[in-house]
Amino acid sequence: MGLQSYLDSSLEKTVDWFRASGGSIFLGPPQGPFFTLAARVGVQKSLPSIAEIKLDDGIAGVVARTGKGRIIDDPNSHPDLRQDDHRPRPISSAMVVPLLDQQGRPVGVLNISRSVGEPSFTPQDLAQAETLAAQLVLAVTNAQMVNGLRDMIEETRLSNEKLTAVLDSVAGAIVVIDPQGQVVNHNQAAAAHSFLDLSPDHDLTDLRKSLQACAELVLARPERQASRVHDGQLDRTWLVEATPLASGGAVLTVQEITEHERQQRELARVKRLAEIGQMTAAIAHEVRNPLTGIRSAAQMIRQSPELSEEFSQMIEEEALKLNGLCDDFLDFAKPMRVTCQAAQLFPLVESVCRLLASSAEENSITLTWESSCEQPTLNIDPGRIEQVIHNLVRNAIQATPQGGHVAIKVEGGQMTISDSGKGMNEEELSRLFSPFFTTKSDGTGLGLCTVRKIVDAHHGTVTVTSQVGQGTTFVLTFS
Ligand code: ADP
Ligand code: MG
């Protein structure tokens, strides 16, 4: 039964019980301050439906505040009980009873009235009415709670409907399991692909096996699980993931990533082709200079054999340059492989700096290297890391004018290479690690690209900060 019909029928029974001619109930939140008309029968039907009582205002308001019921024997003589149209009501006696909740707070007022000619209410009537009022409040509170629950259930149902619609609109399969592994929610895609029954006695496909394994792992240890499943026959690939829920259980998802992976491969291929194109142009450009030198030197030897000593040395130098170029290009073209072993950073810095000290000195650049006392042993490829340090220190020396300085510092697994050189602007910084980006007439633009590849292969990081005219700092971190 709804709250309204319950109130109407209770009021009707109460009025009959007291052989009264009318009654009304006003209800509101605990302590009001306003209680509005909730039900009315008999003579009180003439009350306007928007009628309300204010706590502490008028007889009913005072009854609500004090929590004490009252009998009024001549309501018409009482200004508070008169009607708005000032017509006298056919009432001889009235009872005004407070409705108090279990904490004794006023939640409304019950009025019962008798017609002219009927006997007045007695104190026993009032006592009975107060008992009835307590029952009424209890029932009203329960009904309100039931209504609240009903609203909550309806709200939950609606939000569940919305959630289901959202889940169904997702192309991938989604299954929500409880801590025991039982399916508590799923979308249409999950049902369509039979991901709901993963019991081991079923003949499971690789995909379903992988989903089952992910579910078992995530329930055993609440950490995100993911696995890539490839079906060689169909040439299709899926990503299976399991994410633990804070409330226990997990969300399992299966997404097909065949197309995504194909696009990634295509993108990498296009990038590689562009790099090969750039590399071919760079090789042609780089090889041409030393070759021109070699050809001129050979011509000079033919014309002036007495200068052969000098020019053959030139040929040798140019050939060495070509050799160096070949090394750079091969490094770039080969996939990066690292062979790690236990090693420390500082000895590698020392060996590179000793090698480059003379070139720094020739340019009147102060080259310093230092380390904090604690030297952790890292799992690195010493040859490759030496190459990284070499490329960075050589760039720093090349960028620094006479009188400047280049400093290398090693602190734990971190190495800082800073120079007081020309620095770089935003545009240069944004292209810094791209292959073939160089601002030098004899540069290949492969040094930093190789640095990044080697650092990535070590799962390390390389960051750079630079200011034009101030200098540049590279920071390498290995763990
Ligand atoms: P290359 O040395 O052959 O030019 P790199 O990849 O080693 O190729 O460097 C690319 C470019 O980055 C350089 O040409 C230079 O413009 C810039 N660069 C690198 N290191 C520094 C530095 N320490 N200070 C200023 N510019 C630098
Ligand atoms: Mg370089």
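The values are calculated or read from the model by the stated rules, or taken from the named source; none is laboratory data. Model, not experiment: these values are computed from the prediction. Positions of Cβ are generated from backbone atoms using ideal geometry, with glycine treated the same way; all protein chains shown enter the neighbour counts. Note: areas computed on protein heavy atoms with side chains; ligands, DNA, RNA excluded. Shrake-Rupley method; radii C 1.70, N 1.55, O 1.52, S 1.80 Å.
Quick notes
- Magnitude of the charge dipole, the range 3-149, Cβ model with Lys/Arg +1 and Asp/Glu -1, debye to 20: 40 debye
- The figure for ARG221 is an accessible area of roughly 140 square angstrom, using a 1.4 Å probe on the protein chains alone.
- The chain, relative contact order in percent, only Cα pairs under 8 angstrom and at least six apart counted: 7 percent
- Nearest-10 value in Å² for the accessible area of SER479, using the 1.4 Å probe: 130 Å²
- For SER359, solvent-accessible area (1.4 Å; no DNA, RNA or ligand), Å²: 40 Å²
- Which of SER371, LEU136, GLY69, positive extreme of dipole for the chain (C-beta unit charges): GLY69
- Across q = 0.14, 0.17, 0.20 Å⁻¹, the range 342-416 modelled as identical point scatterers on its alpha-carbon atoms has Debye log10 I(q)/I(0) values of -0.42, -0.61, -0.80, in the order of the q list.
- Across the range 171-256, counting alpha-carbon atoms alone, Rg and Dmax equal 12.0, 39 Å.
- Accessible area of the chain divided out per residue, in Å², using a probe of 1.4 angstrom: 57 Å²
- Of the GluC sites (Glu not before Pro) found in the range 340-392, those in coil by DSSP whose Cβ has at most 11 other Cβ atoms within 10 Å are GLU374.
- Proximal lysines to LYS45, defined as alpha-carbon separation beneath 18 angstrom and excluding residues fewer than eight positions away on the same chain: LYS13
- For the range 341-477, the percent of C-alpha pairs falling in each 5 Å distance bin, counted from 0 to the bin holding the largest distance, reads 2, 10, 21, 25, 22, 14, 6, 1, 0.
- Sites VAL116 and LYS13, calculated FRET efficiency, Cβ-Cβ separation with R0 22 Å, nearest 0.05: 0.40
- Only Lys, Arg (+1) and Asp, Glu (-1) charged, at Cβ; the chain dipole about Cα centre in debye: 1140 debye
- Label-point separation, ARG228 to THR463 (7 Å along Cα→Cβ), nm: 2.9 nm
- Cα-centred dipole magnitude for the range 341-477, charges only on beta-carbon of K, R (+1) and D, E (-1), debye, nearest 20: 220 debye
- Dipole of the range 341-477, positive end: most advanced residue of GLN398, GLN414, GLN344 [Cβ charges, Cα centre]: GLN398
- Kirkwood hydrodynamic radius of the chain, Cα pairs, Å: 32.3 Å
- Multiplying the residue separation of ILE283 and THR164 by 0.36 nm and subtracting their alpha-carbon distance yields 36.9 nm.
- With a threshold of 21 Å on the Cα-Cα distance, the over-threshold entries among LYS271/LYS440; LYS162/LYS209; LYS271/LYS453; LYS321/LYS440 are LYS271/LYS440; LYS162/LYS209.
- Distance from the range 392-447 to the range 22-67 (C-alpha centre basis), Å: 85 Å
- According to the Cα-based calculation, Rg over Rh for the range 438-479 is 1.04, with Rh computed by the Kirkwood formula.
- Label-to-label distance, nm, for residues given as LYS54 and ALA191 (7 Å Cα→Cβ offset): 5.8 nm
- Lys/Arg +1, Asp/Glu -1 at C-beta; the chain dipole; positive extreme among GLN103, PHE35, VAL451: PHE35
- Split the accessible area of the range 3-149 by element, probe 1.4 Å, and carbon with sulfur accounts for 55%.
- Apportionment of accessible area to carbon and sulfur, the range 341-477, percent (1.4 Å): 48 percent
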